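Visitor: Have a look at the structure that comes next, please.
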Amino acid sequence: MIFPETFKIENISVPHLVTIPYSHYCELGRWALDISKTEYKEMKYMPGYHVSIVGGLRKRKENRSNSSFAGQESSHHGGRRKYSVPLVAMPNGTILKDSWEILEKYVGPVDPYWKDLLDNKLGIAVRQLGYYYFLNPKNKGLLDNILKQTSLAERIYWLFFGGFVKKSMYELMDITAESIEKSKKIIFEVFDEASEKIASNSNSLTTESSFSPTDLAFCALGSIAVFPQNYSRNVISMGKLEDFPEEYQNIINHCRKTPAGKFIIEAYNSKRL
Ligand SMILES: N[C@@H](CCC(=O)N[C@@H](CS)C(=O)NCC(=O)O)C(=O)O
């Protein structure tokens with residue numbers, strides 16, 4: 001593929017999910033569409049390349065969400081939400097603005113306590129951790145594996161502008177050795193809290209149903225700390241665990257052993273095909 005596919009919202013006949021394909025917030029939106037058996041098309045872009053496409057769709061402020069955004073961890077201003085993914089462009093010309101709106105439309109309402117914790121704490125901490133290892137030049141193979149799955153134009157874009165995009169990402173998401181220690185602590189705390197809830201509610205974060213929308217959100221946003229099989233329904237391959245740096249493997253193995261980690265692995269095995 002030379003260029004990634006683009007589209008005009010006025011010409012579409014099925015919902016178009018716009019993603020950075022490996023993003024766990026995008027995975028949340030994708031899983032919601034998949035589990036509800038919605039017919040849709042995914043439009044995937046690499047960071048940096050996504051800006052003009054997403055910025056165009058979110059030109060009007062009412063098409064931007066109020067939920068967390070990449071940059072709030074470095075106190076960047078909310079204008080950054082203009083470039084946030086996922087979004088769903090609907091055939092009637094409207095936009096579903098974030099992963100939560102997609103989940104709530106196609107699957108159902110999310111418990112407000114967990115929504116806040118998952119959106120503002122777990123999701124951000126997991127992303128910081130993932131990028132810390134994926135962007136590190138020492139682990140070049142991890143990013144190369146992602147780039148291999150993109151279009152020629154995106155690979156050329158990253159060849160020329162990758163250094164700049166990476167630097168901006170480090171700043172935007174406050175990716176430093178110190179912030180990673182904090183992220184790790186947040187992840188372990190949320191996994192502990194989720195483990196307790198899952199045990200007390202007999203296998204769910206909520207009492208309403210066996211695999212509630214809140215459970216789905218937890219599994220998607222916690223996934224990058226666990227790397228379950230079938231992540232993204234294999235739209236993107238994140239590589240092999242044994243190729244990850246040992247430090248990252250240790251964190252993943254720790255999370256995998258918790259009841260919450262096992263819950264995520266089981267959900268991906270039984271509900272993500
Ligand atoms: N609260 C938002 C979070 C979305 C988010 O942070 N997306 C990141 C990817 S993980 C993103 O758009 N990054 C690219 C950018 O901000 O330019 C949601 O639930 O959709």
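Read the figures in this text as sums done on the coordinates, not as results from a lab. Every value quoted in this text rests on a predicted model; they were computed, and no experiment measured them. Reconstructed Cβ throughout: ideal geometry from the backbone, glycine too, with neighbour counts over all protein chains shown.
Visitor: For segment 120-273, rounded, prolate or oblate, judged on the Cα gyration tensor with a ≥ b ≥ c (square roots of eigenvalues), a/c < 1.5 rounded, else prolate if a/b > b/c?
Guide: The shape class here is prolate.
Visitor: Also: Equivalent-ellipsoid semi-axes (√(5λ), Cα gyration tensor) for the chain, whole Å, largest first?
Guide: Calculated on Cα positions only, the semi-axes equal 26, 23, 17 Å.
Visitor: Could you rank the peptides 196-209, 248-261 by their average count of other C-beta atoms within 10 Å per residue, with the highest value first?
Guide: 248-261, 196-209
Visitor: Taking the Cβ of residue 219 as the centre, find all other residues whose Cβ is under 10 Å away and add up their charges (Lys, Arg: +1; Asp, Glu: -1).
Guide: Net charge in that neighbourhood comes out at -1.
Visitor: So how far apart, in nm, are the two label points at residue 192 and residue 207 if each is 7 Å from Cα heading toward Cβ?
Guide: Calculated label separation equals 2.5 nm.
Visitor: Please list the radius of gyration and Dmax for segment 76-115, considering alpha-carbon atoms only, with Å as the unit.
Guide: Just the Cα atoms of segment 76-115 yield Rg and Dmax of 11.9, 32 Å.
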